[in-house]
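Structure first, commentary second.
The values are calculated or read from the model by the stated rules, or taken from the named source; none is laboratory data. In this text the structure is predicted, and so the values were computed from the model without any measurement. Methodologically, a virtual Cβ is constructed for each residue, glycine included, from the backbone with ideal geometry; neighbour enumeration extends over all protein chains shown.
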Amino acid sequence: MNSATTIENLQVLIGNARELRERLSDDPHRPRYHLIPPEGFFNDANCTIFWNGRYHVFYLGRMPNPNSDEWLPVLDHSSSCDLVHWIHHPPAIKPATDASMPRGIYSGDAIENAPTPTLIYHVPGQGTCIATSDDDELTHWTPSPANPVIPIPAEPQEYHVFDPCAWYENGVYYALIGNKNSRHGYEGDATSLFRSGDCIHWEYRGPFYKSSRRWTSEVEDCACPDFFPIGDKYMLLMHGHRPYGMAHYYLGRYEDEQFYPETHGRMNWRGGQLSGPETLRDNEGRRIFFGWIREARPWEQYGWASVMSLPRRLSLAEDGSLRITPVPELEKLRINRRHRESMHLNADSELDIEDVRGDCLELQLEIAPGRATECGVKVRRSPDGEEETAIVCMPTTGVLKIDMTKSTLDDAVTYSRFTPQDDDGSEPYTNSQEAPFKLAGSEPLKLHIFLDRSVLEVFANTRQCLTQRIYPTRPDSLGVSVFARGAPVVVNRLDVWEMMPTVSG
């Protein structure tokens, strides 16, 4: 290829890149302060680590497959020094393009506390692989020549080699391998424990825990696991495939290489968009959570898809329950605060907050619900209410809901209740995401809401969080209102900030 041809090809690439950048910038649903891919599609968050003063998030992206028209999953990489502003690095690990890795790379984890930064991940058709980095910026990774260190067995075993996680303690590596275990009595979600002294040679130790049908159904699984200490407990966080996208967790005891679940909770409910959860421990000892926020619209025509959740801190309350809060670093994005106090709403009434409009906002509300059957706030509301998304607390029934019935006029936007394999004959789609949420006695409702164009994250009283995608079509769907149903309520306090963008377009 001569230099003239090279220049001509570069000019075409630059022109295509500029066209794509303009197209992405024009998309009114592309978030402004969340971590998003520079282009294209990504899914599971995996392999998160705090190293050398930076937060690193690795996630599954896509690269062209030279051997077919399909795309290969690749491990992409972004990092931040403050959990707010992110830079994109070259892919950490690319699949071989010699047809030896026809399905690319699947999910994994960073081995927590490993002496050397080490990634553990799944390669379809091969098994569990590892890669290490001696680069302080973690931009260069070397796959082990011993890969796969845990191969997919030639004959069926009770363990299943699939998405792994791992940690290092007292000179020993431990790994959780697979989303199921076939030992009798361990039906349902389960994973298998392996142990190693060198991260290369691994010994199977058996099922890691036993799940219970009082918490999960038998079709559920323990994919993309993440296991770590939290407070005086241990947490097993996981992704569920059936029903699809069920990010859920156990809290319990860890003794003698066995985990004993004591409580169970979910971070996503039918109609929600949160999947593929992952955490890291930072230099302050905080447990920071990230999750993949999926799309609810066909994404191919837009040139990008998926968003990473805002970083959340996980901790335990005094009663041992899980606390979920946004990291305080996000406060640096706040501008133009609006404040209200003691707003009284009559029963079955709604009040527009006249000087609050926008699609990139942070809101904090405290509402005394009294005897109201429903109360809450609406965002992305058009002046006539044709489009709006309601965040609804139902104190009498103990439910927190995001109502998407009027979120968009776009018929292509759908919210699935389950995957086709789980079809029970009922309506496959829903217009709401509902989670259990009870207020204790006269406890006020405290909502902390982040709105970023098509992304909505709702924290309630630090113990519940709902994640949703919404796609209003009207350019005037920017209003905010509060409402009461069944009885009067008092909005004790309302604070709203506009949020500065951290990404262009």
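Before we move on, is Glu70 among the acidic types (Asp, Glu), surrounded by fewer than 19 Cβ atoms within 10 Å (Cβ to Cβ) and either more than 25 Å from Val327 (Cα to Cα) or modelled with pLDDT of 95 or more (or both)? It is true that Glu70 is among the acidic types (Asp, Glu), surrounded by fewer than 19 Cβ atoms within 10 Å (Cβ to Cβ) and either more than 25 Å from Val327 (Cα to Cα) or modelled with pLDDT of 95 or more (or both). For Leu72, the test of being closer than 25 Å to Cys165 by Cβ and in contact with a Phe, Trp or Tyr (Cβ under 8 Å, 6 or more places away or on another chain) is failed. Within the stretch 139-155, not a single residue is farther than 22 Å from Ser100 by Cα, of a type in the set (Phe, Trp, Tyr) and either touching a residue at least 40 places away in the same chain (Cβ under 8 Å) or outside the structural domain of Pro73 (by TED's automatic domain parsing) (or both).
Could you please find all residues in the stretch 280-305 being part of a loop (DSSP other than H, G, I, E, B) and closer than 24 Å to His248 by Cβ?
We begin by selecting, within the stretch 280-305, every residue part of a loop (DSSP other than H, G, I, E, B); these are 282-286, 294-299, 303.
Once the filter is applied, which keeps residues that are part of a loop (DSSP other than H, G, I, E, B) and closer than 24 Å to His248 by Cβ, the stretch 280-305 yields Asp282, Arg286, Arg294, Glu295, Ala296.
All of (1) in contact with a strand residue (DSSP E or B) (Cβ under 6 Å, 6 or more places away or on another chain); (2) under 24 Å from Gly61 (Cβ atoms) hold for Asp136 with one exception: (1).
From the list Pro102, Pro115, which residue is surrounded by fewer than 21 Cβ atoms within 10 Å (Cβ to Cβ), modelled with pLDDT of 95 or more and either more than 12 Å from Ala131 (Cβ to Cβ) or not assigned by TED's automatic domain parsing to the domain that holds Val57 (or both)?
Residue meeting the stated conditions: Pro115.
Inclusion of Val172 among residues that are hydrophobic (A, V, I, L, M, F, W, C), at pLDDT 95 or above and surrounded by fewer than 22 Cβ atoms within 10 Å (Cβ to Cβ) is warranted.
Scanning the stretch 349-366 finds one or more residues that are at pLDDT below 95 and of a type outside the set (Phe, Trp, Tyr).
In summary, Ser416 fulfils each of the numbered conditions (1) small (Gly, Ala, Ser); (2) modelled with pLDDT under 95; (3) out of contact with any Pro (no Cβ under 8 Å at 6 or more places or on another chain) with the single exception of condition (3).
Met63 passes every criterion in (1) at pLDDT 95 or above; (2) over 19 Å from the mean Cα position of the chain (by Cα) apart from (1). Would you check which residues across the stretch 200-253 are surrounded by fewer than 16 Cβ atoms within 10 Å (Cβ to Cβ), under 22 Å from Asp282 (Cβ atoms) and over 22 Å from the mean Cα position of the chain (by Cα) and list them? Hit for the stretch 200-253 is Asp232, nothing else.
Would you say Ala487 is more than 30 Å from Glu318 (Cβ to Cβ), of a type in the set (A, V, I, L, M) and over 23 Å from the mean Cα position of the chain (by Cα)? Against the criterion (more than 30 Å from Glu318 (Cβ to Cβ), of a type in the set (A, V, I, L, M) and over 23 Å from the mean Cα position of the chain (by Cα)), Ala487 qualifies.
Among the numbered conditions (1) within 19 Å of Asn52 (Cβ to Cβ); (2) not in a loop (DSSP other than H, G, I, E, B), the only one that Gly276 does not meet is (1). Scanning the stretch 221-255 for residues that are closer than 15 Å to Cys165 by Cα and hydroxyl-bearing (Ser, Thr, Tyr) yields Tyr234, Tyr249.
Taking the condition of being under 22 Å from Pro243 (Cα atoms) and in a strand (DSSP E or B), how many residues in the stretch 258-273 meet it? Adding up the residues that qualify gives 5.
For beta carbons closer than 8 Å, sequence separation of 6+ or different chains, a first residue in the stretch 391-404 that is free of Cβ contacts under 8 Å to residues at least 40 places away in the same chain and a second that is aromatic (Phe, Trp, Tyr) and in a loop (DSSP other than H, G, I, E, B), the qualifying pairs are Val399/Phe437.
Where strands (runs of 3 or more DSSP E) sit wholly within the stretch 423-505, those with at least 1 residues that are closer than 30 Å to His264 by Cα and touching a residue at least 40 places away in the same chain (Cβ under 8 Å) occupy 432-436, 445-452, 455-460, 464-469.
If you go through the stretch 79-99 and keep only what is farther than 22 Å from Ala166 by Cβ and crowded, with 17+ Cβ neighbours inside 10 Å, you end up with Ser80, Leu83, Val84, Trp86.
For the stretch 233-282, what are the residues that are farther than 21 Å from Ser309 by Cβ and not basic (Lys, Arg)?
Let us first name the residues in the stretch 233-282 that are farther than 21 Å from Ser309 by Cβ, namely 233-234, 242, 252-263.
Tyr234, Gly252, Tyr254, Glu255, Asp256, Glu257, Gln258, Phe259, Tyr260, Pro261, Glu262, Thr263 - these are the residues of the stretch 233-282 that are farther than 21 Å from Ser309 by Cβ and not basic (Lys, Arg).
Residues in the stretch 220-251 that are assigned to a strand (DSSP E or B) and at positive phi: Cys224 only. Considering each residue of the stretch 69-79 in turn, at least one proves to be β-branched (Val, Ile, Thr) and touching a Gly at 6+ places or on another chain (Cβ under 9 Å).
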